[in-house]
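**Student:** Can you read through this structure? Questions will come right after.
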Amino acid sequence: MLKAKVTVTLKDSIVDPQGSAAERVLTSMKYPVESIRIGKYMEVILSENDKVKAEEIMHEICQKLLANPVMEDYSFELEG
Amino acid sequence: MKIGIIRFPGSGEGDCLEAWRVVGEEPVLIWHQETSVEGFDLIVLPGGFSYGDYLRAGALACFSPIMSAVLRFAQRGGLVWGIGNGFQILTEGGLLPGAFLCNAQLRFLCSPQYLRVERNDLAFTNQYRTGQVIQIPINHGEGNYSISDDGYRQLEENNQIVLRYVTPEGEMSANGNPNGSRANIAGIVNREGNVFGMMPHPERVMEEIIGGVDGQGMFLSILKHRERRTQHGA
């Protein structure tokens, strides 16, 4: 078994209303915050032990479902 | 007319079903695990919260078995109409371009909204006038239509923008834009004109007693389109 830790974030070109709201609040609390981008974190346990194959599968999963390539970027790390 | 409404877990197909009954039609509900839409004249993807909007609105529904059949149906020229969550499913499934973000003000919006009909040469809008301002409610948390600069240029070049959010006077300004959608886009069609997605809910303004009848035009347009095609022997 391999575990993939996946991060999905909005592309830099996309305005992130949630991030902007959190940033405004932290700024009003006087923290030295430049900007915040809010994304998603996911853990996928694969029943595949070959790292090369697991990477291919993870790219496919991310492109097809976990991220929407129109507005999001993804990255992942494999462990285990 | 043979109308199919796709039911996903979490769909709100009841309003849509009732709306068709107002104009004298009795649609068939199709469970999302089915694999065929053969013989239908129109497929509706209704509003609601398919799969609880988990992951992203519409993202999980577009991998339901029925969606392969809907894709083939659309490719053969069949009429497909996505309303609200149905529009989100169409973009997630690649039948229409673009994607949806959280509303710009982060609030869930449920209110009457003015729209401008940008073209009336479609199966879905032939009972309106081009430029007509109509009032149809919106009801969404993720209705902020987003598309790349290139994608937007293509929408404009191919005349794919069908509905825009506007002020009561019909102006396409920031004031008239409730959710931050690019260029006030509320509804678009594919290049071929047979796949139409819109965020507002026309099925909720079908009778004066519930607040208006501006939604009827969409339903009557589709019936008129069907009637014309039947007369031409298609």
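The values are calculated or read from the model by the stated rules, or taken from the named source; none is laboratory data. Since we're looking at a predicted model, the values are computed, not measured. Backbone-built Cβ (ideal geometry, glycine too); neighbour counts: all protein chains shown. Note: areas computed on protein heavy atoms with side chains; ligands, DNA, RNA excluded. Shrake-Rupley method; radii C 1.70, N 1.55, O 1.52, S 1.80 Å.
**Student:** Rank these residues by their accessible area, most exposed first, probe 1.4 Å: B:SER111, A:SER13, B:SER146.
**Tutor:** Largest accessible area first, the residues go A:SER13, B:SER111, B:SER146.
**Student:** Can you give me the solvent accessible area of B:ARG191 with a 1.4 Å probe, rounded to the nearest 10 Å²?
**Tutor:** Looks like 150 Å² after rounding.
**Student:** I would also like to ask the following. Going toward the positive end of the dipole of the protein assembly as shown, with +1 on Lys and Arg Cβ and -1 on Asp and Glu Cβ, which of B:ILE6, B:GLY193, B:SER148 do you reach last?
**Tutor:** Working it through, the farthest residue towards the positive pole turns out to be B:GLY193.
**Student:** A further question follows. With a 1.4 Å probe and every protein chain left in place, tell me how much accessible area B:GLU26 has, in Å² to the nearest 10.
**Tutor:** So the heavy atoms of B:GLU26 present about 110 Å² to solvent.
**Student:** What dipole magnitude, in Debye to the nearest 20, does chain A give about its Cα centre under +1 on Lys/Arg Cβ and -1 on Asp/Glu Cβ?
**Tutor:** Dipole size: approximately 320 debye.
**Student:** Moving to a separate point now. Output the relative contact order of chain B, whole-number percent, from Cα pairs under 8 angstrom with separation of 6+ residues.
**Tutor:** 19 percent
**Student:** Let me see the pair-distance distribution of the protein assembly as shown: every alpha carbon pair, 20 Å bin width, integer percents in order.
**Tutor:** Here the calculated profile for the protein assembly as shown is 31, 55, 14, 0.
**Student:** Semi-axes of the range B:1-132's equivalent ellipsoid from the Cα gyration tensor, sqrt of 5 times each eigenvalue, largest first, rounded to whole Å?
**Tutor:** One finds semi-axes of 22, 21, 15 Å for the range B:1-132.
**Student:** Sorting A:LYS64, B:LYS2 by accessible area (1.4 Å probe), largest first, what list results?
**Tutor:** A:LYS64, B:LYS2
**Student:** What are the equivalent ellipsoid semi-axes of the range B:41-97, built from the alpha-carbon gyration tensor (square roots of five times its eigenvalues), in whole angstrom, biggest first?
**Tutor:** Ellipsoid half-lengths, sorted descending, are 18, 11, 9 Å.
**Student:** While we're on this one: Expressed as a fraction of 2.2 N^0.38 Å, the rule-of-thumb size for a compact globular protein of N residues, what is the C-alpha radius of gyration of the range A:2-79?
**Tutor:** Relative to the 2.2 N^0.38 Å estimate, the range A:2-79 comes out at 1.36.
**Student:** Picking from B:TRP20, B:LEU223, B:GLY84, whose Cα lies most toward the positive end of the charge dipole for chain B (charges on Cβ: Lys, Arg +1; Asp, Glu -1)?
**Tutor:** So the residue furthest toward the plus end is B:LEU223.
**Student:** Still on this model: At a Cα cut-off below 19 Å, give the lysines reachable from B:LYS224, other chains included and same-chain residues fewer than 8 away excluded.
**Tutor:** Straight-line reach from B:LYS224, under 19 Å: B:LYS2.
**Student:** Here is a further query. Using just the C-alpha positions of the range B:3-231 as equal point scatterers, what log10 of I(q)/I(0) does the Debye formula give at each q in 0.17, 0.18 1/Å?
**Tutor:** -1.27, -1.46
**Student:** A further question follows. Do any residues of the range A:8-37 lose at least 20 Å² of accessible area when the full set of protein chains is present rather than just their chain alone, and if so which, with a 1.4 Å probe?
**Tutor:** Buried on complex formation: A:ILE14, A:PRO17, A:GLN18.
**Student:** Keeping all protein chains in place and using 1.4 angstrom, which order do A:VAL25, B:VAL166 fall into by accessible surface area, from largest down?
**Tutor:** My answer, sorted largest first, is A:VAL25, B:VAL166.
**Student:** Could you compute how much accessible area chains B and A hide from each other, both sides summed, with a 1.4 Å probe? Nearest 100 Å² is fine.
**Tutor:** That pair hides around 1200 Å² of surface in total.
**Student:** Across the range A:2-79, how many lysine pairs, 8 or more apart or on two chains, come within less than 20 Å at their alpha-carbon atoms?
**Tutor:** 13
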